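The structure under discussion appears below in the form of structure tokens.
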């Protein structure tokens, strides 16, 4: 018997180019190249650039997914980021080089470890006031409040760090579970060799299910904390800012401690944050091939705590919102429209109802 077998090679590399628009970030573009079988050895490599109105990000990743034939992933990650914060408030440059490893602890759990070095430099946002075509310290700078002024004065900070993380997901067993649980926990010791050392931790827990075969329900709890061991305290680039998707109805950096005595009334972030989200997604009577479904949500959360608040109110103050959403699965990717109404907020918060 003679058996003819046709073997068709599958592509392992990809090039991606795209654009996006966000109410906070504006227009952004992204380009990336990735290869899952680098030099035919099964290694992973990725180069990525993202850039928008206020930021530019460059990233490189390389990984060996199966070291010595085992389910052990070793990798190298590097990134460089330039950011202009909060409507031309100040500029920052951040960079990182990291070695990491990840492996399963069980069928559903995975453990990771990281060690690396990172650096951050903050500077005043300046405009070309003398018209010479260059931005120099002689040009006028945005006037900021006392808290941020002291943090910018600390200049460039470079330090080592080490971290651990663990994730758990019932979806990893490949079964059709009536309930799915996901958890992610991370801890980090950083600032080693810089003027301030810190311990930082984050946690996320989510439970989801489907009822009546088509209504999706989910509940998410998320939080984080950073504590300085010694030195000059945290800076805004270390602290937590509430992302708009974690608390719909508010702009990015729209809640938390805010320096109301500053001309810019800048958001300062906080050493602590917490978020609770209840969400549902359901059909709205349109044909399934349209890929359009509806949703509703209730979000609550807060950002609070500063090492040197001065006259800034950094107490825990709860915010909450509720609203509706429309989801559209398009050929180029998912699109979400939302409208949220904050029903618990502070007078100085920055609201953003459409998302």
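Nothing in this text is a laboratory measurement; each read-out follows from the coordinates by a stated rule. Keep in mind that this is a model prediction, so the values were computed, not measured. Ideal geometry is used to build each Cβ from the backbone, glycine not excepted, and the neighbour counts take in all protein chains shown.
What is segment 66-352's relative contact order, in percent, from Cα pairs under 8 angstrom and six or more apart in sequence?
12 percent
Tell me which label goes with the value of semi-axes √(5λ) of the Cα gyration tensor in Å computed from the coordinates here: (1) 35, 21, 19; (2) 37, 29, 22; (3) 64, 21, 16.
Computed from these coordinates, semi-axes √(5λ) of the Cα gyration tensor in Å corresponds to label (2).
If contacts are Cα pairs under 8 angstrom and at least 6 residues apart, what is the relative contact order of segment 196-294 in percent?
Computed over segment 196-294, the figure is 28 percent.
Can you give the Rg and Dmax of segment 17-148 based on its C-alpha atoms, in angstrom?
19.9, 63
Once the piece of chain linking residue 60 and residue 330 is laid out straight, how much longer is it, given 0.36 nm per residue of separation minus the C-alpha distance between them?
94.3 nm
Ranking 265, 107 by Cβ neighbours within 10 Å, fewest first, what do you get?
107, 265
Among 120, 209, 234, rank each residue by its count of other Cβ atoms within 10 Å, from fewest to most, as a rough exposure measure.
The order, fewest Cβ neighbours first, is 209, 120, 234.
Can you give me the Kirkwood hydrodynamic radius for segment 195-341, using every pair of distinct Cα atoms, in Å to one decimal?
So the Kirkwood estimate lands at 17.2 Å.
According to the Kirkwood expression over distinct Cα-Cα pairs, how big is the hydrodynamic radius of segment 305-355, in Å?
13.8 Å
Need the C-alpha centroid separation for segment 244-306 versus segment 39-100, integer Å.
26 Å
Please state the equivalent ellipsoid semi-axes for segment 138-185: what are the square roots of 5 times the Cα gyration tensor eigenvalues, largest first, in whole Å?
Equivalent-ellipsoid dimensions as semi-axes: 47, 16, 9 Å.
Modelled label-to-label distance, residue 343 and residue 199, 7 Å Cα→beta-carbon offset: nm?
So the label points at residue 343 and residue 199 sit 3.9 nm apart.
Divide by every residue of the chain the summed helix terms, -39500 (n - 2.57) for each DSSP H run of at least 4, and state the resulting mean residue ellipticity at 222 nm, rounded to the nearest 500 deg cm²/dmol.
The helix contribution divided over the chain gives -500 deg cm²/dmol.
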